[in-house]
Amino acid sequence: MYTPSSFRQEDVAVLREMMTRIGFVSLVTNTATGLLATHAPVLFDTNNGEQGTLRGHIARANPQWQTATEDESLAIFVGPNGYVSPQWYAAKQEHGRVVPTWNYVAVHAYGKVRFSDDRDLLLEIVTRLTEKNEVGFDQPWKVSDAPSDYVEGMLKAIVAFEMPITRIEASWKLSQNRSEADRTGTLEGLRSQGSAVAEEMCKVMHSPKQEEE
């Protein structure tokens with residue numbers, strides 16, 4: 001991933017928090033006929049492997065699990081992002097040499113993906129994904145709420161995947177290359193639009209590293 005040094009994010013704690021929070025990837029694998037991508041919710045097990053392991057499932061009817069080569073695969077996490085208008089820059093009033101851009105957070109995790117139709121592994125993944133995403137409800141739905149024969153039938157329709165992560169690249173493109181006045185204007189503009197990327201930009205602006213600069 002093209003990432004200028006000013007946008008590079010390498011803080012392990014920050015990366016893990018964001019990957020866990022997003023919890024959804026584009027899983028890209030190589031096949032004999034080219035690249036194939038599937039969008040899927042994932043669990044990020046930080047205690048499994050040196051850099052953690054991603055776990056999820058795809059439809060059994062999806063050819064990806066049968067056609068993926070043993071080459072390195074890529075899981076793309078796309079975080080908060082939003083359009084940045086030039087009118088938010090102080091520089092617009094000063095000299096007008098400004099253009100639109102896009103602020104975003106993105107994480108690319110690499111590794112060799114393994115597919116499995118092991119019933120117990122599938123049930124564990126499905127159960128944990130459900131528990132993670134139902135936690136905010138007053139009465140969380142549980143896998144056991146569905147008839148057992150129905151659950152068993154659904155498990156037969158999916159395939160699990162696991163991807164031990166071997167390396168991570170991340171870009172926090174949040175106006176770090178702009179002046180303080182431009183960053184402040186951008187933050188205010190994003191907030192006025194209700195953009196979720198404003199929160200991430202605020203964190204970066206008030207980080208010790210940014211304040212030193």
Next item on the list: From (1) among the β-branched types (Val, Ile, Thr); (2) exposed (fewer than 14 other Cβ atoms within 10 Å of the Cβ); (3) under 11 Å from the mean Cα position of the chain (by Cα), pick out the condition that doesn't hold for THR33.
Entry: (3)
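Could you tell me which residue of the stretch 36-47 is surrounded by the fewest Cβ atoms within 10 Å (Cβ to Cβ), considering only residues that are in a strand (DSSP E or B) and not small (Gly, Ala, Ser)? Spell out how you get there, then give the answer.
To start, the set of residues in the stretch 36-47 that are in a strand (DSSP E or B) comprises 36-45.
Now restrict to residues that are not small (Gly, Ala, Ser): 36, 38-39, 41-45.
On the way: LEU36: 16, THR38: 18, HIS39: 10, PRO41: 15, VAL42: 25, LEU43: 18, PHE44: 25, ASP45: 16.
Taking the candidates together, the pick is HIS39.
Against the condition in contact with a Ser or Thr (Cβ under 7 Å, 6 or more places away or on another chain) and of a type in the set (A, V, I, L, M), how does LEU54 come out, does it pass? Break it down stepwise before answering.
Numbers: in contact with a Ser or Thr (Cβ under 7 Å, 6 or more places away or on another chain): no; of a type in the set (A, V, I, L, M): yes.
In short, no.
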Notebook entry, point to check: So which residues in the stretch 82-116 are part of a strand (DSSP E or B) and over 30 Å from GLN66 (Cα atoms), if there are any at all?
Noted result: GLY82, TYR83, VAL84, THR101, TRP102, ASN103, TYR104, VAL105
Next item on the list: Mind listing just one residue for me: the one in the stretch 149-175 that is within 25 Å of the chain's Cα centre (by Cα) and of a type in the set (D, E, K, R) and, of those, surrounded by the most Cβ atoms within 10 Å (Cβ to Cβ)?
Entry: LYS173
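Would you call SER207 under 18 Å from VAL78 (Cα atoms), surrounded by 12 or more Cβ atoms within 10 Å (Cβ to Cβ) and hydroxyl-bearing (Ser, Thr, Tyr)? Can you show your working first?
Working: under 18 Å from VAL78 (Cα atoms): no; surrounded by 12 or more Cβ atoms within 10 Å (Cβ to Cβ): yes; hydroxyl-bearing (Ser, Thr, Tyr): yes.
Judged against the criteria, SER207 is not a match.
Answer yes or no as to whether THR127 is touching a helix residue (DSSP H, G or I) at 6+ places or on another chain (Cβ under 8 Å) and within 23 Å of VAL25 (Cβ to Cβ). Spell out the reasoning first.
Values: touching a helix residue (DSSP H, G or I) at 6+ places or on another chain (Cβ under 8 Å): yes; within 23 Å of VAL25 (Cβ to Cβ): yes.
Spelling it out, THR127 is indeed touching a helix residue (DSSP H, G or I) at 6+ places or on another chain (Cβ under 8 Å) and within 23 Å of VAL25 (Cβ to Cβ).
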Margin query: All but one of (1) among the basic types (Lys, Arg); (2) touching a helix residue (DSSP H, G or I) at 6+ places or on another chain (Cβ under 6 Å); (3) under 18 Å from VAL42 (Cα atoms) hold for ARG191; state the number of the condition that does not hold.
Written below: (3)
Item checked: Of all residues in the stretch 48-79 being surrounded by fewer than 17 Cβ atoms within 10 Å (Cβ to Cβ) and touching a Gly at 6+ places or on another chain (Cβ under 9 Å), the one that is modelled with the highest pLDDT -> GLU72
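Could you tell me which of the residues SER175, SER171 is of a type outside the set (Phe, Trp, Tyr) and under 24 Å from VAL25 (Cα atoms)? Before the answer, list the steps.
On the way: SER175 fails: under 24 Å from VAL25 (Cα atoms).
None of the other options fit; the residue is SER171.
Kindly establish whether VAL159 is β-branched (Val, Ile, Thr), touching a residue at least 40 places away in the same chain (Cβ under 8 Å) and closer than 24 Å to ALA75 by Cβ.
On the way: β-branched (Val, Ile, Thr): yes; touching a residue at least 40 places away in the same chain (Cβ under 8 Å): yes; closer than 24 Å to ALA75 by Cβ: yes.
Criteria met by VAL159.
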Note to self: Considering only residues that are touching a Gly at 6+ places or on another chain (Cβ under 8 Å) and aliphatic (A, V, I, L, M), which ones fall in the stretch 80-108?
What the structure shows: VAL84, ALA90, VAL105, ALA106, VAL107
Checklist line | Among (1) more than 17 Å from PHE115 (Cα to Cα); (2) surrounded by fewer than 18 Cβ atoms within 10 Å (Cβ to Cβ) - the single one MET19 does not satisfy | finding: (2)
Check: Is it the case that the stretch 117-131 has a residue that's surrounded by 12 or more Cβ atoms within 10 Å (Cβ to Cβ), among the β-branched types (Val, Ile, Thr) and not in a helix (DSSP H, G or I)?
Finding: no
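The values are calculated or read from the model by the stated rules, or taken from the named source; none is laboratory data. Values in this document were obtained by computation on a predicted structure and should not be read as measured data. All Cβ positions, even for glycine, are placed from backbone atoms using ideal geometry, and neighbour counts span all protein chains on display.
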